[in-house]
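To start, the structure itself, in structure tokens.
The values are calculated or read from the model by the stated rules, or taken from the named source; none is laboratory data. These numbers come from a predicted model, not from an experiment. For neighbour counting, all protein chains shown are included, and Cβ atoms are generated from backbone atoms with ideal geometry for every residue, glycine included.
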Amino acid sequence: MLRIGFDAKQLFNNFTGPGNYSRTLLKNLTDYFPDNAYFLYTDKVVKNEETHFFLNSAFYSVHMPKGQPGLLWRNFGIKREMRKHKLQLFHGLDHELPVGLPHLGVKSVVTIHDLSFLPVSGPLCFLEKAHPDCAYPPRLRASRSYCRH
């Protein structure tokens, strides 16, 4: 059994592309890997027909900040929760990973929803050569893997 955490902000608050991707991925994971433990981290939740399943299913454990502003919690406070839950893997579902995640010893993967701006082949433009941070966010580089869809 794996203990897997997810940045679930888009799952609970976005009802287009990234949110739909997140909900579909997590439903499929529980269909195929029901023995894993799934931890959903979000700073706010919209309760509706699309999120009801995740809020009321025994497959998922939803975690929200207690008194800490959402942005601070999503980048820093969430790490305390991850340690407490003994995560083995964290999936940033919307091109983000918490600051300092590699120091926790938790493996990570990040999904980037639109990489069409990155060159697939050929020479890099001047900006990409001079400032790779513009093309490849630091948190993307911090992850060992990423999903492109």
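Details
- Enumeration of residues in the stretch 1-44 that are at pLDDT below 95, in a loop (DSSP other than H, G, I, E, B) and not polar (S, T, N, Q): MET1, ASP43, LYS44
- Consider the stretch 100-113 and keep the residues that are of a type in the set (A, V, I, L, M) and free of Cβ contacts under 8 Å to residues at least 40 places away in the same chain. The one that is surrounded by the most Cβ atoms within 10 Å (Cβ to Cβ) is VAL110.
- Among the numbered conditions (1) out of contact with any Cys (no Cβ under 6 Å at 6 or more places or on another chain); (2) part of a strand (DSSP E or B), the only one that ARG83 does not meet is (2).
- Among the residues of the stretch 63-90, those that are among the basic types (Lys, Arg) and either in contact (Cβ under 8 Å) with a residue 40 or more places away in the chain or surrounded by 14 or more Cβ atoms within 10 Å (Cβ to Cβ) (or both) comprise ARG74, LYS79, LYS86.
- The lone exception for PRO18 - which of (1) over 20 Å from HIS113 (Cα atoms); (2) under 15 Å from the mean Cα position of the chain (by Cα) it fails: (1)
- Against the conditions (1) among the small types (Gly, Ala, Ser); (2) touching a helix residue (DSSP H, G or I) at 6+ places or on another chain (Cβ under 8 Å); (3) assigned to a helix (DSSP H, G or I), GLY77 satisfies every one except (2).
- Residue count for the stretch 45-62, restricted to those that are more than 14 Å from ARG3 (Cα to Cα), buried (at least 17 other Cβ atoms within 10 Å of the Cβ) and either more than 17 Å from the chain's Cα centre (by Cα) or touching a residue at least 40 places away in the same chain (Cβ under 8 Å) (or both): 2.
- Looking only at residues of the stretch 24-44 that are out of contact with any Lys or Arg (no Cβ under 8 Å at 6 or more places or on another chain) and surrounded by 21 or more Cβ atoms within 10 Å (Cβ to Cβ), we find that the one that is farthest from LEU89 (Cα to Cα) is LEU26.
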